[in-house]
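Report on the following structure.
The values are calculated or read from the model by the stated rules, or taken from the named source; none is laboratory data. Everything numeric in this text was worked out from a predicted model, so none of it was measured. Methodologically, a virtual Cβ is constructed for each residue, glycine included, from the backbone with ideal geometry; neighbour enumeration extends over all protein chains shown. Remember, those area values only see protein heavy atoms, side chains included, never the ligands or the DNA or RNA. Shrake-Rupley method; radii C 1.70, N 1.55, O 1.52, S 1.80 Å.
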Amino acid sequence: MIIIEKHNGINVLRDDLLKGGTKSILMPSIITDEHKEYVYASPVYGGFQIALSAYCQSVGKQATIFCAKRKEMHPNTLKCIEYGAKIVEVKCGYLSVVEKHSRDYALLTGANKLVFGANSLENKLLIAHRMMKVISQLGKEPDEIWCAIGSGTLVDSILMGTTTAKVFGVQVGKEYNKRPDRLTVLNYGKPFDKISKYKCTFNSTANYDLKAWELLNTMRDNTGKDILFWNVL
């Protein structure tokens, strides 16, 4: 499903309408018939955990999500529960500690432990193919494409799926060091867990996509360029 809407004169790819956002398109290639349970260690802010939970529910598998324990569960954790996931909260939940607990659980139960993130060539090719389908639906390649940068999987995929567009990535996670010719990296300037309060007319994750939407709207030059914003979740 590809839904593109106009907001502030900008084409917005509404992947937030998919269960788990953009990463939901990766699930059929990740979840196989070999295992009944899939284990994933996730930051509470992550979208992969939601995509995994929703897809496992749809194919009769069990998703087990390990995450840091909080005073109140994060909305993304609650969304995973809604999609049938088993949640294991870890005290002193640095991601390295959460990862260890999830690995130990997988060894004990025989469940399939998924590697954190989606930064593989196979996954990038799947997202690049989606980029090409978006271009086909738009009728031409946009002048500019904007997105948030976390691990870098999405922006790498966008570059693979385009030939002429200038790509603007707003860095909201760890530092992204690649600098291809068509890519401009902008630093949001605040830690990942700090949310954007920018007003938006569609659902956009406040500590991720919304930061890129904010910079796009505050920096655009209004010269009539054809712009696409990729809203992941």
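Things to note:
- Ala51 falls short on exactly one of the conditions (1) open to solvent by 40 Å² or more (accessible area, probe 1.4 Å); (2) touching a Ser or Thr at 6+ places or on another chain (Cβ under 8 Å); (3) under 18 Å from Ser204 (Cβ atoms); (4) not polar (S, T, N, Q), and that condition is (1).
- Top-ranked residue in the range 1-30 [being part of a helix (DSSP H, G or I) and polar (S, T, N, Q); ranked as least open to solvent (accessible area, probe 1.4 Å)]: Thr22
- Set Ala111, Ala85: member being open to solvent by 10 Å² or more (accessible area, probe 1.4 Å) and in contact with a Leu (Cβ under 8 Å, 6 or more places away or on another chain): Ala85
- Within the range 184-228, the set of residues being of a type in the set (Phe, Trp, Tyr), touching a helix residue (DSSP H, G or I) at 6+ places or on another chain (Cβ under 6 Å) and within 26 Å of Ile2 (Cβ to Cβ) comprises just one member, Tyr198.
- If you check Glu5, Glu37 for being modelled with pLDDT of 95 or more, charged (D, E, K, R) and more than 30 Å from Met219 (Cα to Cα), only one passes: Glu37.
- Of the strands (runs of 3 or more DSSP E) lying entirely inside the range 153-231, those containing at least 3 residues that are free of Cβ contacts under 8 Å to residues at least 24 places away in the same chain span 166-171.
- There is at least one residue in the range 195-216 that is among the charged types (D, E, K, R), surrounded by 13 or more Cβ atoms within 10 Å (Cβ to Cβ) and closer than 15 Å to Asp16 by Cβ.
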